[in-house]
Amino acid sequence: MNFSPVNIMGTMPEIYLTVLGSILLLMEPFVPKEKRSWLGLFAIASLIFAMIATFGLNGKGLPLYQGLYIVDPFSNFFKMVIYTGTIITILFSLPYLEKEDIHVGEYYGFLIFAAVGMMIMVSAGDLITLFLGIELMSLCLYVLVGLKRSIHRSVEASFKYFLLGAFAAAIFLYGISLLYGASGTESISGLAAFVQNPGALKPMIIAGMILTMVGFAFKVSAAPFHMWTPDVYEGAPTVVTGFMASVGKVAAFGVFLRVFWVAFSANKDHWTWLIIMIAILSMLIGNIVALVQKNIKRMLAYSSIGHAGFAVIGLLNPSRESLFALMFYLFVYLFMTLGAFGIVLILRRKGVEGEEIQDFVGLNKKNPMAAFLMLIFMFSLAGIPPFGGFLAKFYIFMAAVHAGFTWLAVVGVLLSAVGAYYYIQIVMTMYMKEPEEVVEFMPNRMEKFALFLTAAMTVVMGIFPLPFVHYIETSLAILVP
Amino acid sequence: MTPIIFIPLLPLIGFLVVGIFWPFFKGKGHFIAVPLMIGSWVIATSEFFKSFTNPPNVTFVYDWIRSGHLDIGISLQYDHLAAIMLFMVTTVAMLVHLYTIGYMHGDSGYDRFFSYISLFSFSMIMLVLSNNLVEMFIFWEAVGLCSYLLIVHWYERRPSWLAANKAFIMNRVGDFGFLLGIFLTYSTFGSVSFAEIFPAISSHLHQTVNIASAFHGSMNIPVLDLIALLLFLGAVGKSAQIPLHPWLPDAMEGPTPISALIHAATMVTAGIFMIARMNPLYNAAPFAAHVVAWTGGITAIVAATIALTQPDIKKIIAYSTMSQLGYMVMVCGLGGYGAGIFHLLTHGAFKALLFLGAGSVIHSLSGEQDVFRMGGLRKYIGLTFVTMLIGSLALSGIPPFAGYYSKDLILVTAYQQGPLGQILWMIGVLTAVLTAFYSFRLMFLVFGGKERFHSDQAGHGGHGIHPHESPWTMTVPLVLLSIAAVVAGWAGEHYGVLEYLAQELPIPHQDPVAGGMSDSALKGLSVGVGVLGIFVAWAFYGRESSIPGSLAKGLSFFYKLSLYKWYFDELYDLVFVRSSFLIGRLFWQELDKGVIDETVNGVAAFFRNSGLGLRRYQTGQLQNYAMVMAIGVFGLVAFYLVFNRM
């Protein structure tokens, strides 16, 4: 291992965040209970600090630590998304944790470490590094999901997530070991070189490839590895759900993309149909089961399964267009999902979180602002112009059409029409019914800011996307060390 | 950053500020909207005078869509055509803003009204500045929307919203054609930007398109003709040409400033502007150009005959607008785009003047619109009388008023375009007689003769109604517009408006075989017919006379044809509305309830049931979840193996 200055500099954002996260944990006992929000602000400051560091690395393509770790525009883009998502999550967290009485200092530490795990994932140049990143993220998330220790549902969710996550990790690790056994290397570029050889496609490589795919599919909650999602999303504290559903998924997609496009692009034909299978199943299950949900968190969980299905379509064809489409999709998805969960967690009925769809009845009469913001997020998730979700779906389906999978795009469009039903149902509930119960919607300044930011981004990405399009286009280069 | 961007930006700010914060203004919306509009006018005017020396320029604002080869941006194309249009549009818009302060005073929707006319001004300015078809279409729709919103300003009145719906629906037909035209343009040229379409036209001259291919037939027509016709369909709707015209007279249900601004001076001229803008296309599509010319000619005369007998002061002016629009469309179809735009500009001035004057008349009589219940108003509202007289003289084409120069130019241009042009010229001359007649019929009935409003009003319990002159905010625009109606035509000819516009609009060459009358003879003739029309109007209505009554009896067929507007409304009601209801009822009862509802409900039920079914797998049991995952893994492997065997 070579700890030369270049390597250290390249991983500076991760190092900063790890050190600052540790300081956060150490500081926690010394901060009085009513000053806990300072820890949150400290966490935001750390993230901004790391963001600046990452910004300094922009445009550089560096394989670090003999290729174990990669810093390239692609990973920097995902890191920026991770920072942004985490910051928004913290903005939502501060008042939420207070109200739910789970304001513990470790929360921010775990959130930061989870972010570090995701950063390691998207920068991994080696399957072992990748596995470490995934596990770091997952372990933090297991804890965060079970944060409401006194609530049965939360603990159950945490435990389920942990066991199934361990199961998936085992499958993933088994896949890695098969790949290593067949090729003698666990670096992504080494695998790519090995797979290119004719005759390299032994059953062992294929089996390893499929098992790693299962691991990723579990992390992005694509069907049929989605079973944990509704229970965990429902049980977890809503901020954590938002964090997992948005930032966690984005990171998982980043690494999914890197492994399959770099390591296995030579045998694309062998996994195309598996991806199609996963995409169709996810779109079907996500959109159809969401129709009958009564709990909005569960509904959003199924919606996120459906969205995973749409996004997976972007993986089909390793081309610049698909890459752009997928990155754009994830970028928009982050904001609209976080925003939707944000509304859910601010809404309270008699002091309890308003997470039943019933709680949204007639919201427009009482809180026109909340209803309007929710309308933006729902329309965007459904893919209705002029919101970002529309362009995101448009780019994904265009990429599919250009890759020769017009029929898949048609299936996708049809299923997103099915999906539009339950999103618009929420809007209808809010606008066209008379309110029954008193629902409170009192965001404080931070929540207002976060809601405004997510809503504004959702709208801007739909009507004036060009600055972001340019930014994503400059981040398209995947480094192949 | 050029100052041009502020021309649309200022009204937009006005709309946003007044529109968003309207509850706080409480009848003071004009403090924001009017100064901003005046600012926009000042910039437009100074830029117009600079445009004589400055080269045309395009200001890029932002890229809206970029996908593959499709690149749609919002840009401001400022050339001579746009400059002179903007000058007229902002002038009229500014004066109408001013006029509105007085006319709408005390209206419950005062601030809303200001926000909408600001939005309209912004949209119209952007339409004029468009540099591609999609941008033009967006603002084309936006002005249509504003028109709808403003017609329905008094939304609690049934005729208002009926008229608004009529305008909206009829325009839908035209806009659908416009949209198809844009699609066909894009598929033919691969671009929607004017700068890229025009140079490419010559390479598509002989390209044809089979419009019967969907029916396995073969009916090839030149693609340029088809594009031009489809785009023209949009213009037919927007500029109220036959057969999509009945919405325009009904749109007079809206407040009078709207009639002046939108339904006389600016929005309805968008169709003519579009044809002028697309002139390279129409020059290359002779068949389409003929259709354009004939549509315009027929509209001009039909509308003029309807205007002869209408009792409602605003409807008379509305049909006159339609007829004048017909003139412009006709001459554009004959290649005289410059003449069309020239008439558009002068018409904008004197028709806005007539409408605002009519508004002043209506205002002075507290809402009376029937010309037969007016009369003798000259001594009460003298200023309005003088200004409207100027407007009517301009409309009748009497020198030296503006209409003389531009209408004469249209007739001369038409006459010089060979046999077709001469037929249309005859229609034009006939229309000119009728125009002078109905204009002065209105003048004599409203301002001359006995005072007929007393007796009628007394019946309604309104004893001793005293017509009063309007406040200065209303009369100042009248005076300014009447100055414009006097000088605009002379200035246009003196400073060479055709040569100025020749930058974008080529001057048509004279048909060599079209001999016959000389220029001065033509001019004399058109003045002569104007005077003739006025004289006949005086003979009928300027003195005690039984001619109108006996004529109406003697020629009752023609009288009724005119009074009932050639039965267009009845025809449409029969053909479209009733049959739509009939078909609708049929579909609703048989197809909709039977087939579609069953299918839709069936699909919905299917998905819902599958959702309910699938949900059952979500047992909450950990071991089941793990089981599904394991099945998933084996399933994927099995799928791979099976798939690779194939």
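The values are calculated or read from the model by the stated rules, or taken from the named source; none is laboratory data. Values in this document were obtained by computation on a predicted structure and should not be read as measured data. Cβ coordinates were reconstructed from backbone atoms using ideal geometry, including for glycine residues, and neighbour counts include every protein chain displayed.
Does region A:278-288 contain at least one residue that is within 14 Å of chain B (Cβ to nearest Cβ) and free of Cβ contacts under 8 Å to residues at least 60 places away in the same chain?
Yes, region A:278-288 contains at least one residue that is within 14 Å of chain B (Cβ to nearest Cβ) and free of Cβ contacts under 8 Å to residues at least 60 places away in the same chain.
For (1) away from every other protein chain (no Cβ under 14 Å); (2) modelled with pLDDT under 90, each residue gets a yes or a no:
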{"residue": "A:Ile376", "(1), (2)": "yes, no"}
{"residue": "A:Trp407", "(1), (2)": "yes, no"}
{"residue": "A:Glu436", "(1), (2)": "yes, yes"}
{"residue": "A:Leu453", "(1), (2)": "yes, no"}
{"residue": "A:Pro467", "(1), (2)": "no, yes"}
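The selection criterion, being assigned to a helix (DSSP H, G or I) and surrounded by fewer than 24 Cβ atoms within 10 Å (Cβ to Cβ), does not hold for B:Thr321. Checked against the criterion of being without any contact (Cβ under 8 Å) to a residue 40 or more places away in the chain and more than 14 Å from every other protein chain (Cβ to nearest Cβ), the candidates A:Leu136, A:Leu178 yield just one match: A:Leu136.
Being in contact with a helix residue (DSSP H, G or I) (Cβ under 6 Å, 6 or more places away or on another chain), within 11 Å of chain B (Cβ to nearest Cβ), buried (at least 24 other Cβ atoms within 10 Å of the Cβ) and assigned to a helix (DSSP H, G or I) narrows it down to one residue among A:Gly215, A:Gly254; which is it?
A:Gly215 is the lone residue from the list that is in contact with a helix residue (DSSP H, G or I) (Cβ under 6 Å, 6 or more places away or on another chain), within 11 Å of chain B (Cβ to nearest Cβ), buried (at least 24 other Cβ atoms within 10 Å of the Cβ) and assigned to a helix (DSSP H, G or I).
Of the residues making up region B:179-235, those that are of a type in the set (Val, Ile, Thr) and either within 18 Å of B:Pro286 (Cα to Cα) or surrounded by 17 or more Cβ atoms within 10 Å (Cβ to Cβ) (or both) are B:Ile182, B:Thr185, B:Thr188, B:Val192, B:Ile197, B:Ile201, B:Thr208, B:Val209, B:Ile221, B:Val223, B:Ile227. If you filter region A:371-403 down to residues that are among the aliphatic types (A, V, I, L, M) and without any contact (Cβ under 8 Å) to a residue 40 or more places away in the chain, you find that the one that is surrounded by the fewest Cβ atoms within 10 Å (Cβ to Cβ) is A:Val401. Across region B:63-80, a minimum of one residue is classified as more than 14 Å from chain A (Cβ to nearest Cβ), surrounded by fewer than 23 Cβ atoms within 10 Å (Cβ to Cβ) and part of a helix (DSSP H, G or I).
Let's see how each residue does on (1) of a type in the set (Gly, Ala, Ser); (2) touching a strand residue (DSSP E or B) at 6+ places or on another chain (Cβ under 9 Å); (3) within 23 Å of B:Ile410 (Cα to Cα):
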{"position": "B:Lys523", "(1), (2), (3)": "no, no, yes"}
{"position": "B:Ser526", "(1), (2), (3)": "yes, no, yes"}
{"position": "B:Gly530", "(1), (2), (3)": "yes, no, yes"}
{"position": "B:Trp538", "(1), (2), (3)": "no, no, no"}
{"position": "B:Tyr541", "(1), (2), (3)": "no, no, no"}
{"position": "B:Ser546", "(1), (2), (3)": "yes, no, no"}
{"position": "B:Gly549", "(1), (2), (3)": "yes, no, no"}
{"position": "B:Gly554", "(1), (2), (3)": "yes, no, no"}
{"position": "B:Phe557", "(1), (2), (3)": "no, no, no"}
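A:Ala223 meets the conditions (1) over 18 Å from the mean Cα position of the chain (by Cα); (2) surrounded by 23 or more Cβ atoms within 10 Å (Cβ to Cβ); (3) of a type in the set (A, V, I, L, M); (4) within 14 Å of chain B (Cβ to nearest Cβ) in every case but one. The failed one is (1). Candidates in region B:1-49 are the residues that are aromatic (Phe, Trp, Tyr) and surrounded by fewer than 23 Cβ atoms within 10 Å (Cβ to Cβ); of these, the one that is nearest to B:Ala83 (Cα to Cα) is B:Phe48. Looking only at residues of region A:226-244 that are under 14 Å from A:Val344 (Cβ atoms) and assigned to a loop (DSSP other than H, G, I, E, B), we find that the one that is nearest to the other protein chains (Cβ to nearest Cβ) is A:Ala236.
For the condition in contact with a Ser or Thr (Cβ under 7 Å, 6 or more places away or on another chain) and of a type outside the set (A, V, I, L, M, F, W, C), what is the one hit in A:Thr458, A:Thr454? Talk me through it step by step, then tell me what you get.
On the way: A:Thr454 fails: in contact with a Ser or Thr (Cβ under 7 Å, 6 or more places away or on another chain).
Of A:Thr458, A:Thr454, the one residue that is in contact with a Ser or Thr (Cβ under 7 Å, 6 or more places away or on another chain) and of a type outside the set (A, V, I, L, M, F, W, C) is A:Thr458.
Of everything in region B:585-626 that is surrounded by 12 or more Cβ atoms within 10 Å (Cβ to Cβ), assigned to a helix (DSSP H, G or I) and of a type in the set (S, T, N, Q), the residue that is nearest to the other protein chains (Cβ to nearest Cβ) is B:Ser610.
So is A:Leu163 at negative phi, within 14 Å of chain B (Cβ to nearest Cβ) and assigned to a loop (DSSP other than H, G, I, E, B) or not?
Values: at negative phi: yes; within 14 Å of chain B (Cβ to nearest Cβ): yes; assigned to a loop (DSSP other than H, G, I, E, B): no.
No, not satisfied.
In region A:15-38, the qualifying residues are those that are touching a Ser or Thr at 6+ places or on another chain (Cβ under 8 Å) and within 23 Å of A:Asp72 (Cα to Cα), and the one that is surrounded by the fewest Cβ atoms within 10 Å (Cβ to Cβ) is A:Tyr16. Among the residues of region A:52-72, the one identified as crowded, with 21+ Cβ neighbours inside 10 Å and in a helix (DSSP H, G or I) is A:Thr54. Meeting the requirement of 3 or more residues that are modelled with pLDDT under 85, over 30 Å from B:Leu563 (Cβ atoms) and not β-branched (Val, Ile, Thr), no helices (runs of 4 or more DSSP H) wholly within region B:153-270 can be named.
Summed over region A:181-204, the residues that are in contact (Cβ under 8 Å) with a residue 24 or more places away in the chain and within 12 Å of chain B (Cβ to nearest Cβ) give a count of 1.
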